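Accompanying notes for the structure given below.
The values are calculated or read from the model by the stated rules, or taken from the named source; none is laboratory data. The model shown is predicted, which means the values in this text are computed figures rather than measured ones. All Cβ positions, glycine included, derive from the backbone under ideal geometry; neighbour counts span all protein chains shown.
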C-alpha cells in the first residue's frame, strides 16, 4: 500500500487536470503523452492549461477571436502548437508565443479570418525549429518585430496569405545550418526590398523559395549580406525586373531558377558563380550575358541560349578532381554527372542548329549579289514599263506584275542578308527577337507573296501565249486588258492569302532563321505547306501542257505567217518558262519531303538551295524578259533621252519607228506585240 500511494496521488493529479480543462471548455481533452485537443465551435476562449502536462496543443475549429500572451504563459513543456480552421480567429496578439523554452513547431493553417500577427508574437523561442503560416487569405500584416531571437529556427514557411508588405526577417538571427525559407502563393507581395534577408541567418542559407507570388521586382541590395546557395523564383508571372545590383554583398549562390517569370535580364554579377540555371518558360529572357563561369547545368526556354552555353569555356571548381581517371569509375558516376559534365535543355534541333543565318562567307556574298541584282533589275523594268509612253498591252501589263513579284523577292533577300549582318557571331542572343517578332514575319510574308504571285503570273503569261497562238485568226477571242485585270486580281488575292495565313497561326514563319513557313507540327499547317507546294507543281504541269499544245499547233503544215511569227516567240518563251520552273524543282521536291516529315537534306543544304535556286528567277527574269530584248532597250533609251541621255541612239529608234506602218507592239499579230519580253535569245 505504501508503494502504491505515490501512484494514486499522480493519478488523482491527472484527473484534477482533466477536470480543470473540461470545466473551462467541454471540447478540450487531455490525451496521452501530453497532447491537449481543443476542438469545437463552443470554445470561445482558451482555458487555463497545465504547464507541466501540456506538450502538444491542437486548437482547431473553435470560435476563439484572439491568441494572447496569457494563453501560453508558463507552458514550459509545450513543444508543438497546431492552430487550424478557427473561423473567428482575427489576431495573434503581441508576445503570444514569446519565451516558451521548449516550443519547437508552430503550425498555423486555414484560419480564414486571421488578419494580423502582432509584435514579438514569435520571440525568444530558443528551441523553435519550424514555423508554418499558411492558407490564411486575409492575413494582411505581420508586424516588423514579429520574428525575433529564433536562434534554432531552420524552416520558415509563409504561404497562401494576403500579405501586402514583405515580412521583416532581420531579427531572426538563426544560427542553424541548412536554413529553408518558403514564401509561396502570396499574390499581393509585389516587391522584394533591399536587405530583405539580412539578419535572417548567420550561417549560409540553404534555400530561399519565393514562388508563385505577385512579385514584380527584386530591388537593389535585396540579398545584401546574405550567404545563399539556392534561390527559386519560379511562378512569379509578373516578375519583370531583377535589379543589376540585387545580389550586391551576397555570396555562395550556385542555383538560380527564374522559370515561369517575365524576367528580361539577369544580373551579370551572379552568373560567374552559378552552377545551375533554370529559366524554363521565361519567354521575355531573350538575351544572356556571355558570362557562364562555372555553369554546368541549364534548363532554358530557347535552344539558342544552349548554343552559347555549350560553346562556352565554363569552369567548375571540381575540374581538378574531374580530370582524374578515378572520377570515371562507376562509384563516382553521380558525382561525375553533377559536376564534371555540361547539360542544357532544350537542345538545338535540325531546323535551328547553332549557326548564323548565313553559315558561310560564300553564302553571305551570294545572297547580297543576288538580292541586289533582283532589286535593281526589277526596279529598272518597272520604271521603264510604267514610264513608257507606249500603249499598255496585256503582255506589258503581265510583265509589270512579274517584275513587282520579283522585286518583292529581292526585298526578302535583302532583309535576310541584313539580319545576318547584324546578328553575325551573336545570333543566339538575337534569334528570339528575329524569329519571334516582326523581322521573320515581314521577311516571310514577302517571300511567300512574291513566290506565289510570280508563279501565278508566269502561269498567266503561258496561258495568254497559248490562247493567242491557238486563236491567232480569231480577233473576237483576243484577251483584253480587262480580262487580264480580273485574272491578276485573283492572283493577288491568292498570293496575299497564302502569305497571310502563317501570321494567323496556320504554320508560322518563326520556325527557322530564314523565315520560311516550315512549321508542320499540326495537321492544318502540314496541309497548308503541302497544298501550296502541290499548287506550284500543278502550275508547272499546266505550263507543260500549254507548250505541248502550242508545239502541236505550230507543227501543222497549214500554219499561217502569223503562226510562224508566234512560233518563234513560243519557242523562246518555252525556254524561259521551263528554266524558271526547273530552278524551282529542287525547292519543291525537298520542301514536300520535309513537309511530310521525311527530310532529305540538312538546314545548311536548305540555305544553299534558298540562295542558289529559290531566288535565281527573280534575279534572272529582268535580263531574260527585258534587258536582252530589243524592244525593252528601245524603251529604255527613249526614256533616258527625256533626261538628256543617249539622244543619238534615241533618234535612231524614232526613225525606225516612223518607217513602220504600226508601232512594234500595236499589231495584234506581231510577236513583239504579243509578248513584250521576247526577242532573240542570242541577243
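Listed values, structure above:
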| quantity | calculated |
| --- | --- |
| Counted residues, region 110-134 - those being assigned to a strand (DSSP E or B) and crowded, with 19+ Cβ neighbours inside 10 Å | 6 |
| Odd one out for residue 508 among (1) within 18 Å of residue 617 (Cα to Cα); (2) not in a helix (DSSP H, G or I) | (1) |
| Hey, residue 357 buried (at least 20 other Cβ atoms within 10 Å of the Cβ) and closer than 28 Å to residue 298 by Cβ or not | yes |
| Residues of region 247-260 that turn out to be at pLDDT below 95 and assigned to a loop (DSSP other than H, G, I, E, B), as a count | 7 |
| Number of positions in region 611-640 that are assigned to a helix (DSSP H, G or I) and touching a residue at least 60 places away in the same chain (Cβ under 8 Å) | 17 |
| Subset of region 202-221 that is closer than 14 Å to residue 174 by Cβ and surrounded by fewer than 19 Cβ atoms within 10 Å (Cβ to Cβ) - its residue that is nearest to the chain's Cα centre (by Cα) | 207 |
| Hits in region 340-362 - residues which are modelled with pLDDT of 80 or more and in contact with a strand residue (DSSP E or B) (Cβ under 8 Å, 6 or more places away or on another chain) | 343, 344, 345 |
| Cβ-Cβ under 9 Å pairs, at least 6 apart or on other chains, region 258-272 side assigned by TED's automatic domain parsing to the domain that holds residue 211 and free of Cβ contacts under 8 Å to residues at least 12 places away in the same chain, far side surrounded by fewer than 20 Cβ atoms within 10 Å (Cβ to Cβ) and assigned to a helix (DSSP H, G or I) | none |
| Unmet criterion (only one of (1) modelled with pLDDT under 85; (2) outside the structural domain of residue 274 (by TED's automatic domain parsing); (3) buried (at least 16 other Cβ atoms within 10 Å of the Cβ)) for residue 373 | (1) |
| Number of the exception - residue 215 against (1) in contact with a helix residue (DSSP H, G or I) (Cβ under 9 Å, 6 or more places away or on another chain); (2) assigned to a loop (DSSP other than H, G, I, E, B) | (1) |
| Residue 389, sole failed condition from (1) outside the structural domain of residue 610 (by TED's automatic domain parsing); (2) modelled with pLDDT under 75 | (1) |
